[in-house]
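Student: Take this structure first; my questions come after.
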Amino acid sequence: MEYAINKGIGRSVEFKGLKAQYLFIFCSGLLAVFVLFMVMYMAGVAQGVCIGFAAVSASALIWLTFRLNARYGEHGLMKLGALRSRPRYIINRRAVFRLFRQPDRKEAVR
C-alpha cells in the first residue's frame with residue numbers, strides 16, 4: 001500500500017482529506033487517547049471500560065476533526081482565532097474638533 005501524503009511543492013500537507021493543522025490535531029489526539037487507555041489499563045480499570053472509553057473517544061476525535069476540517073478549511077482555525085482576538089469596536093475619546101484639525105508642531109514632536 002502507498003499513501004500519498006503531499007501532493008506537490010509549496011502545498012500544505014494533506015492525508016486522507018485532512019489538511020494542515022487538522023492532521024496534527026488528529027495525530028496528537030489519537031496519541032492522547034492511547035496514553036489515557038494505557039494509564040487506565042495499568043491503574044486496574046476493567047478491560048471493557050478501557051476499550052469502550054478508547055473506542056468512544058477515538059470515534060469522537062475522528063468525527064470532530066473531520067467536521068472542523070470540512071467547516072473551516074485549511075486556514076480556518078487560525079482565522080477564527082484572529083477573529084476572536086481583534087476588538088469589536090475602537091473607542092476614541094478625543095473631542096471631535098481635535099480629530100480634524102492639523103496638529104501643532106509642539107504636539108507632533110511629543
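The values are calculated or read from the model by the stated rules, or taken from the named source; none is laboratory data. Quick caveat: nothing in here was measured; it's all calculated off a predicted structure. Counting neighbours? That spans all protein chains shown, and the Cβs are built from the backbone with ideal geometry, glycine included. Accessible surface is based on the protein model in full, side chains and every heavy atom, while ligands, DNA and RNA are left aside. Shrake-Rupley method; radii C 1.70, N 1.55, O 1.52, S 1.80 Å.
Student: Could you please let me know if Phe37 is at pLDDT 80 or above and not small (Gly, Ala, Ser)?
Tutor: Details: at pLDDT 80 or above: yes; not small (Gly, Ala, Ser): yes.
Answer is yes for this residue.
Student: Moving on to the next point. Between residues in the range 29-42 that are of a type in the set (A, V, I, L, M) and residues that are open to solvent by 50 Å² or more (accessible area, probe 1.4 Å) and in a helix (DSSP H, G or I), which pairs lie under 7 Å by C-beta distance while being six or more apart or on different chains?
Tutor: Met40/Phe53
Student: Return the residues of the range 42-100 that are among the hydroxyl-bearing types (Ser, Thr, Tyr) and outside any helix (DSSP H, G or I); say none if nothing qualifies.
Tutor: Within the range 42-100, the subset among the hydroxyl-bearing types (Ser, Thr, Tyr) is 57, 59, 65, 72, 85, 89.
Within the range 42-100, just Tyr89 meets the criteria.
Student: Could you list, in sequence order, the residues of the range 22-55 that are under 24 Å from Leu80 (Cα atoms) and crowded, with 16+ Cβ neighbours inside 10 Å?
Tutor: Of everything in the range 22-55, those that are under 24 Å from Leu80 (Cα atoms) and crowded, with 16+ Cβ neighbours inside 10 Å turn out to be Tyr22, Leu23, Ile25, Phe26, Gly29, Leu30.
Student: Report the residue count in the range 68-97 for those that are within 17 Å of Cys27 (Cβ to Cβ) and open to solvent by 60 Å² or more (accessible area, probe 1.4 Å).
Tutor: Residues meeting the conditions: 0.
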